[in-house]
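Colleague: Can you read through this structure? Questions will come right after.
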Amino acid sequence: MTGIKLLLARWAFSLLFAAVGVYMSRAARRVFLLQREWKEKGIVALGEIVGFESKSPTNEPARRKFFAPVVTFTAQNGDSIRFTSATSLRPNPYVVGQRVTVRYLSDDPDTADLESVTSSWWPFIALLVLILVAFTIAALPFLLGPPVPRS
C-alpha cells in the first residue's frame, strides 16, 4: 500500500469510529433525558402480573426462552392499563398475581414499565463505556505512529 492510500485508510478508520461515537453520544443523551423525565415526572403505581410473554433472542424456537411480565395497573385517571415489560428475564423471577411497582409518565400511561426498569441507569452507563471505546479507537491512528513499511 502506498503512503497516501495508507493515510486515507487511517483517516477512514478514524472517521468511521468517530461517527459511531457521535451516534452513540446522541443515543446516550436520549437515554439520559428519558431517565431524568422518568425520575422527575414519573408516577408510581401498584400493578399486578397477569401473565408472561415468552421471547427468544434469536427467534429460534429451539433456544431457551426469556420471559417478560405482562402487568396491569390503574392509572391516576382511572384507566386500566396493560403492558408487557421491556425487560425479559431467564429464569423468570416473577409469578402470576405478584404485586409490582410500576412507573409511568402522567401524560402517557402507555409508557409504563416496571420500577426496576425505569430506575435503571445501566443502559446509559453501557452507552458511555461504548462511546469511550469508539472514540479511543477513532484516536488510535493519531496516537500511534505511522506503520513501518515492510521490506
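Colleague: For segment 1-61, I need the span (max minus min coordinate) of the C-alpha atoms along each principal axis, in Å, sorted largest to smallest.
Modeller: Principal-axis extents of the Cα atoms in segment 1-61, largest first: 66, 40, 6 Å.
Colleague: Considering only the other residues whose Cβ falls under 13 Å of the Cβ of SER80, what net charge follows from Lys and Arg at +1 and Asp and Glu at -1?
Modeller: That sum, taken over residues with Cβ under 13 Å, equals -2.
Colleague: Here's a follow-up. If N is the number of residues in the chain, what value comes out of its Cα radius of gyration divided by 2.2 N^0.38 Å?
Modeller: Compactness ratio reported: 1.53.
Colleague: If you don't mind, there's one more thing I want to ask. In nm, what is the difference between 0.36 nm times the number of residues separating SER116 and SER56 and their Cα-Cα distance?
Modeller: 19.4 nm
Colleague: Moving on. On a 0 to 90° scale, report how tilted helix 3-41 is relative to the longest principal axis of the chain, with both axes built from alpha carbons and the result rounded to the nearest 10.
Modeller: Here the helix axis deviates by roughly 20 degrees.
Colleague: So what's the angle, to the nearest 10 degrees on a 0 to 90 scale, between helix 122-143 and the longest Cα principal axis of the chain?
Modeller: Once rounded, the angle reads 0 degrees.
Colleague: For segment 103-114, what does the Karplus curve 6.51 cos²θ - 1.76 cosθ + 1.60, with θ = phi - 60°, yield as ³J(HN,Hα) per residue in whole Hz, taken in order and with x for Gly and Pro?
Modeller: Residue by residue, segment 103-114 yields 10, 8, 8, 4, 7, 8, x, 6, 8, 4, 7, 4 Hz.
Colleague: Further, regarding this structure: Would you work out if segment 62-134 is rounded, prolate or oblate? Take a ≥ b ≥ c from the square roots of the eigenvalues of the alpha-carbon gyration tensor; rounded if a/c is under 1.5, else prolate when a/b is larger than b/c, oblate otherwise.
Modeller: oblate
Colleague: When the accessible area of the chain is split by element with a 1.4 Å probe, what percent falls to carbon and sulfur?
Modeller: 63 percent
Colleague: Same structure, new question: Amide H to amide H, which residues 5 or more places from LEU89 or on other chains are under 5 Å from it, using H placed in the peptide plane?
Modeller: PHE67, ALA68
Colleague: A further question follows. Report the label-to-label distance for ARG30 and THR87 in nanometres (one decimal), using points 7 Å from each Cα along the Cα→Cβ vector.
Modeller: Using points 7 Å along Cα→Cβ, the separation is 2.1 nm.
Colleague: Among PRO141, PRO93, PRO69, whose mean-square fluctuation peaks in a Gaussian network model of the chain (Cα, cutoff 10 Å)?
Modeller: PRO93
Colleague: Would you compute, from DSSP H runs of 4+ residues alone, the mean residue ellipticity of the chain at 222 nm, taking -39500 (n - 2.57) per run and dividing by the full residue count, rounded to the nearest 500?
Modeller: Only helices count here, giving -15000 deg cm²/dmol.
Colleague: So, one more: Using R₀ = 25 Å, calculate the FRET efficiency as 1/(1 + (r/R₀)^6) where r is the Cβ-Cβ separation of ALA19 and ALA126; round to 0.05.
Modeller: Efficiency at R0 = 25 Å is approximately 0.85.
Colleague: May I ask you to compute the full-extension gain from LYS65 to ASN77, defined as 0.36 nm times their residue separation minus their alpha-carbon distance, rounded to one decimal in nm?
Modeller: 0.8 nm
The values are calculated or read from the model by the stated rules, or taken from the named source; none is laboratory data. Everything numeric here is computed off the predicted structure, so don't read it as measured data. Methodologically, a virtual Cβ is constructed for each residue, glycine included, from the backbone with ideal geometry; neighbour enumeration extends over all protein chains shown. Quick note on the areas: whole protein, heavy atoms, side chains included, nothing else; ligands and nucleic acids left out. Shrake-Rupley method; radii C 1.70, N 1.55, O 1.52, S 1.80 Å.
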